Structures are given as C-alpha cells and as structure tokens.
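Scroll down for the structure; my scribbles are underneath it.
Read the figures in this text as sums done on the coordinates, not as results from a lab. These figures come from a predicted structure and were not determined experimentally. Cβ coordinates were reconstructed from backbone atoms using ideal geometry, including for glycine residues, and neighbour counts include every protein chain displayed.
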Amino acid sequence: MAEPASYKQSIPPIGLSLERHTKAVPGDGYYYVLLNGETMGRFRNKNAALELYRQVLQTTGYTPPPVEKAAARNEAVEGYLDAKESYWGDSHKHTRRGGKGGY
C-alpha cells in the first residue's frame with residue numbers, strides 16, 4: 001500500500017504551520033495546526049484545520065513583507081521576441097506549395 005501524501009502549509013517567520021504526515025506530527029492521518037512547534041489543534045478535516053490556522057494567523061497580526069517590483073524589461077530582448085513572433089506568425093504565407101504551378 002502506498003504511503004499517504006504529506007501536507008504542509010506554513011508561515012516560517014511566525015512559526016505557524018498546518019501539517020499532516022510530516023516529521024513534526026504523528027502519522028495518524030489528522031491535520032495538525034502548530035505554532036512554534038506547539039500543537040494548537042488536531043483535525044480530521046482539512047477545512048476545520050484551515051479555519052483554526054486562519055484564526056491563529058489573525059491573532060498574531062502578521063502581515064507579509066511587501067513584494068519587490070519586477071525588474072524593468074530589456075528593450076533588446078523585447079525587440080527580438082517581437083521580431084521572432086512576427087516572423088513565425090507570417091511564415092505560413094511564404095511556404096512553397098507543390099503542384100503544377102510550382103508555387
């Protein structure tokens with residue numbers, strides 16, 4: 001019989017995690033909500049575990065750090081990609097067709 005799939009959802013900066021079949025929790029099939037390694041709840045249903053996970057997250061007041069904006073696009077690369085797209089978009093118009101006309 002195959003080993004059950006493990007599951008882990010976590011926020012490392014605050015030590016909050018929702019786990020099932022991992023090294024940190026027993027392999028009994030239950031979902032565990034952990035805060036800094038301490039069990040906050042044990043649930044058979046993932047949705048019930050997620051509810052507690054969200055409640056604990058809300059009580060901690062954690063907000064994720066802002067995401068940095070992506071780097072500016074490189075003009076040379078953009079030009080190359082546009083030319084390539086144009087070439088392959090029109091390539092079907094320039095194919096040789098067999099037949100008596102030769103074109």
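The chymotrypsin sites (Phe, Trp or Tyr not before Pro) of segment 1-96 that meet both conditions, a loop assignment by DSSP and at most 12 other Cβ atoms within 10 Å of the site Cβ, are 62. Rounded to the nearest 20 debye, the dipole magnitude of segment 7-60 is 140 debye, with +1 charges on Lys and Arg beta carbons, -1 on Asp and Glu beta carbons, and the Cα centre as origin.
Our summary gives the chain a relative contact order of 14 percent, counting only alpha carbon pairs under 8 angstrom and 6 or more residues apart. Compared with the dominant principal axis of the Cα atoms in the chain, helix 75-90 is inclined by about 60°. If both residues of a DSSP beta bridge must be in segment 7-60, then about 100% of such bridges are antiparallel. Dipole size of the chain about its Cα centre, with +1 on Lys/Arg Cβ and -1 on Asp/Glu Cβ: approximately 520 debye, rounded to the nearest 20. Straight Cα distances below 20 angstrom link residue 84 to the lysines 93, with same-chain residues fewer than 8 positions distant left out. Here is the list for segment 1-39: trypsin sites (Lys or Arg not before Pro) lying in DSSP coil, each with at most 13 other C-beta atoms within 10 angstrom of its C-beta, are 23. Between residue 80 and residue 10, the simple spin-label model (points 7 angstrom out along Cα→Cβ) gives 4.0 nm. Bridges between two residues of the chain, per DSSP, are antiparallel at a rate of about 100%.
Relative contact order for segment 7-60: what percent, with Cα pairs under 8 Å and sequence separation of 6 or more? In percent, rounded to a whole number, it is 26. Does anyone have the angle between helix 46-60 and the longest principal axis of the chain? Alpha-carbon axes, 0 to 90°, nearest 10? Taking Cα atoms only, the helix is inclined about 80 degrees. Select from 53, 18, 29 the residue farthest towards the positive end of the dipole of segment 7-60; place +1 on Cβ of Lys and Arg, -1 on Cβ of Asp and Glu, and compute about the Cα centre. The one lying farthest along the dipole's positive direction is 29. Under the simplified labelling scheme, the residue 92-residue 51 pair shows an inter-label distance of 5.4 nm, with each label point 7 Å from Cα along Cα→Cβ. Using a Gaussian network model on the chain with a 10 Å cutoff between Cα atoms, which of 83, 49, 70 fluctuates the most? Comparing 83, 49, 70 in a Gaussian network model of the chain, the most mobile one is 83. Entry note, the chain: the mean residue ellipticity at 222 nm calculated from DSSP H runs of n ≥ 4, each adding -39500 (n - 2.57), is -10000 deg cm²/dmol after division by the residues and rounding to the nearest 500.
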